[in-house]
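This report refers to the structure that appears directly beneath it.
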Amino acid sequence: MLIARTLDELRRHCATLRERCGSLGLVPTMGALHEGHMALVRAAAAHGAGVVTSIFVNPLQFGPTEDLARYPRDEAGDLAQLAARGCHVAWLPDLATMYPPDDATTISVEGPALRWEGDARPGHFRGVATVCAKLFGQVRPDRAYFGEKDWQQLQVVSRMVADLRLPLEIVGVPTVREADGLALSSRNRFLLPGERRQAVHLFAALEAAAHRLAQGEGADPVLDEARASLTREGFAVDYLALVDGPTLAPLPAARPLARLIAAARLGSVRLIDNMAV
Ligand code: AMP
């Protein structure tokens, strides 16, 4: 696996890789890699493309009161995992490469970015869209892989790529979970042992609600009950909603492409999850 730390190195490595493999797949990450990220690397490799994984903890997508400083970082561990899983190029830009001091452009997506995470984390999707646009311009991948775990992010990036007619395909990859259902996340390591046991209730509440919604029950009572059960289990619920998958608009009942989405806090850890209905 080749490592690029400057744009010059990246361009050279990507040109060689494109010649060898015919196309490029990009996996954007913030590091602290786990099996969820590896599912994206696997999906990219399965396509036969050259696989580029970026690791960059993007300050622009963190709010002023959020956990940028304590976001987990483990470059050596990340590189070892990527090399073992068939990644061809690791792209590790520094802050000045991604955000030069004279930078004057950000990307603001509306539509699917407006509610839920957009409400709870003002500026978050502006940071995500901007860093993704930069990564797409730097790597020029044919495909970029994003986890369904961050459902709204996947829709926001897809919307941006469609609206700007960017010449790449966005591919969504199903959420990888622990055996008890908890979605893998770099933030799970901050759960205290008791919180880790409680955390499974997020998945369980979503699953129970999705089952009832799929049977045709209306969203309001089902969601109210799910919120109440999460509160009883010790969560502070930011939102739990039934939405249209691509637009994130709330729905009164299940229909094709409906998605159940949730964000809830346990102690200092904010968990998000979602599932198809
Ligand atoms: P992050 O490093 O948290 O920004 O995540 C980088 C990419 O990995 C995003 O596209 C996430 O949606 C994806 N991802 C994170 N956790 C999982 C998971 N448990 N299953 C699938 N994809 C994931």
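The values are calculated or read from the model by the stated rules, or taken from the named source; none is laboratory data. Source: prediction; values computed, not measured. Cβ placement follows ideal geometry from the backbone for every residue including glycine, while neighbour counts extend to all protein chains displayed. Only protein heavy atoms, including side chains, enter the accessible area calculation; ligands, DNA and RNA are left aside. Shrake-Rupley method; radii C 1.70, N 1.55, O 1.52, S 1.80 Å.
What the table below lists for this structure:
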item	result
Cα-centre dipole for the chain with unit charges at Cβ (Lys and Arg positive, Asp and Glu negative), debye to 20	440 debye
Average Cα contact separation per residue, the chain, under 8 Å, 6 or more apart, as relative contact order %	17 percent
Mean Cα-pair separation over length for region 81-175, i.e. relative contact order, pairs under 8 Å, 6 or more apart, %	26 percent
Other-chain or far-sequence residues with amide H under 5 Å of residue 258's (modelled H)	245, 277
Helical mean residue ellipticity (222 nm; -39500 (n - 2.57) per DSSP H run of 4+; nearest 500) of the chain	-12500 deg cm²/dmol
Taking the convex hull of Cα positions in region 39-178, its mean projected area over all directions (nm²)	9.2 nm²
Region 1-114 - accessible surface per residue (Å², probe 1.4 Å)	48 Å²
Highest-fluctuation residue, 212, 165, 85 considered, GNM on the chain with Cα pairs under 10 Å	165
Accessible surface, 1.4 Å probe, highest first, among residues 91, 151	151, 91
Heavy-atom surface of region 196-277, accessible at 1.4 Å and reported per residue (Å²)	45 Å²
